[in-house]
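Asker: The structure follows.
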Ligand SMILES: Nc1ncnc2c1ncn2[C@@H]1O[C@H](COP(=O)(O)OP(=O)(O)O)[C@@H](O)[C@H]1O
Ligand SMILES: Cc1ncsc1CCOP(=O)(O)O
């Protein structure tokens, strides 16, 4: 039987809110658009489980929704359920298959590559990947998979007909992030999401399910359409796009919320102003929601990690508001704490752009090809930077920027090579951080442009960010590197001390014509 796995409800009677009756809640969830139901009764004895399963089956049949039984082959047989769901310590699949009628759907829980390998060998019908987020609904025996961990498990299913759903802590706030961020490098997406508490614990399960349904419908449609069309760029389109953004930033002065390090806070705020935007350097968790409601962009630079909670909530609210999130993982390879924090942040929210030098990007990609010393990259960089940047962008599901004497930008398909700049940028502290600020500013411009009425077609509900982040990222790099060239040529610049204020001046005075004539852009 073919099952639509998109909205998979797992029951949990112990979570029902006071006054909500089980069958009533289930029926409302079905009306809200649940496509498959699993009866999970961890505390009931056999007779109670059987009774619940029977009643649930009648209700599911009314809505033509298939019913799956958790763990218990005997109950599944007794009520002629459509399927069973087995955990790693339940009845082995090959034994279950000998007991169940041919055609019974079999699913297993997986949280590592070996589980997936075994599920493929066992020819199961679907896998439940989890827990993806932390949850209090189930006591977890293994660490959470994290959104970024799902893709490699999905990729292992390439070439099979096995379906996959994500489970654990899913709700209407993180569903889109989970769906988008879990797509594998090979383009394999989840078939659905499995939810317990977000629906069952709700006093309004119909609207809880409907909310998830709307997100799923929008995202699946958007993804399936988008994976069939590739946006093609040429140098002219990119340069003109950047200039358009430059003008829009000066005209609209978007708010650039920056959580950045203590070393560069002042110069970053000044660079933002010089570009015509408005900086706010706010770090407390308590203010993140308010800030996310103001159009603009967010920069998270973790050069000095002092407020992880603020970084997490700022990014999550920005995703919700479809605002750009630019992540600068300063010195990520330097300490284990930075590595763990980067992974935590990148699982918590979807970065729109990740920007780093070669050492930082290598560390994020777990590559040993380029080393770092503290916050600096060491050596001559990647042998094939174009392929590296394309792959990391594809893996992280965002635009990636790798700085250095040559800067590289990719959205996972197109690679843009940028050769502006001046080596004096290496003589001041925080030139990479300034690139991050400029990128966040241009991405904010791109977001504002897309938010203008009539400029952004398509299902808005399906997006974690609005606007063209590739052009935004290129714009930020070009603004800073071209301004650096102009600053370095000035007769009043005698060294790094005079270079920095001259750089701010040149950003302030940067003209579209200068940027157009100096920009060294190649599209690969
Ligand atoms: N040798 C160089 N020549 C020209 N531009 C450079 C050079 N080194 C760095 N840059 C520019 O300086 C900016 C910061 O890059 P980088 O030095 O890699 O960052 P970080 O400070 O994070 O290590 C980038 O825009 C890059 O183009
Ligand atoms: C059954 C199960 N398997 C892995 S996590 C989980 C519980 C998910 O519940 P919730 O959706 O309430 O986090």
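Asker: List the extent of the Cα atoms of the range 7-226 along each of their three principal axes, largest first, rounded to whole Å.
Answerer: Computed over the Cα atoms, the extents are 45, 40, 31 Å.
Asker: Rounded to the nearest 500, what is the 222 nm mean residue ellipticity of the chain from helices alone, with -39500 (n - 2.57) per DSSP H run of 4+ residues and division by all residues?
Answerer: -13500 deg cm²/dmol
Asker: With everything on Cα atoms, drop me the angle between helix 265-274 and the longest principal axis of the chain, reported from 0 to 90° to the nearest 10.
Answerer: Rounded to the nearest ten degrees, it is 70.
Asker: Taking the Cβ-Cβ separation of residue 232 and residue 262 as r and a Förster radius of 45 Å, what is the calculated FRET efficiency to the nearest 0.05?
Answerer: 0.60
Asker: Next question. Quick one: length gained pulling residue 123 to residue 344 fully straight, 0.36 nm per residue minus the C-alpha distance?
Answerer: That pair, residue 123 and residue 344, stretches by 76.2 nm at full extension.
Asker: Nearest 10 degrees, 0 to 90: what angle lies between the long axis of helix 46-62 and the longest principal axis of the chain (Cα atoms)?
Answerer: Between helix and principal axis, roughly 70 degrees.
Asker: Let me ask another. Residue 51 to residue 21: extension gain in nm, 0.36 nm per residue of separation minus the Cα-Cα distance?
Answerer: Additional length available on full extension: 9.3 nm.
Asker: Evaluate the distance, in nm, between pseudo-label points positioned 7 Å from the Cα of residue 221 and of residue 518 along their respective Cα→Cβ axes.
Answerer: So the label points at residue 221 and residue 518 sit 4.6 nm apart.
Asker: Which FRET efficiency value, to the nearest 0.05, is calculated for residue 98 and residue 282 with the Förster distance at 60 angstrom and r the Cβ-Cβ distance?
Answerer: With a Förster radius of 60 Å, E is 0.45.
Asker: Still on this structure, please answer the following. Restricting to bridges with both residues inside the range 355-446, how much of the DSSP beta-bridge set is antiparallel, in percent to the nearest 5?
Answerer: Percentage antiparallel, nearest 5: 75.
Asker: Quick one: of the DSSP bridges fully inside the chain, what percent are antiparallel, nearest 5?
Answerer: 20
Asker: Output the peptides 445-452, 340-347 sorted from most to least packed, where packing is the average of other Cβ atoms within 10 Å over each peptide's residues.
Answerer: Per-residue Cβ counts within 10 Å, averaged per peptide and sorted highest first, yield 445-452, 340-347.
Asker: Using label points projected 7 Å from each Cα along Cα→Cβ, tell me how many nm separate residue 509 and residue 4, to one decimal.
Answerer: Output for this residue pair reads 6.3 nm.
Asker: I'd like the antiparallel share, as a percent to the nearest 5, of DSSP beta bridges with both residues in the range 7-226.
Answerer: Within the range 7-226, antiparallel bridges account for around 0 percent of the total.
Asker: Any chance you could list the semi-axes, whole Å, largest first, of the equivalent ellipsoid that the Cα gyration tensor gives for the chain, using √(5λ)?
Answerer: Semi-axes, largest first: 48, 22, 20 Å.
Asker: Related question: If you take the square roots of the eigenvalues of the alpha-carbon gyration tensor of the range 1-85 and sort them as a ≥ b ≥ c, do you get rounded (a/c under 1.5), prolate (a/b over b/c) or oblate?
Answerer: Because a/c hits 1.5 or more and a/b fails to exceed b/c, the range 1-85 counts as oblate.
Each value in this text was obtained by applying a stated rule to the coordinates, not by laboratory testing. Values in this document were obtained by computation on a predicted structure and should not be read as measured data. Note that each Cβ is placed from the backbone with ideal geometry, even for glycine, and that neighbours are counted across all protein chains shown.
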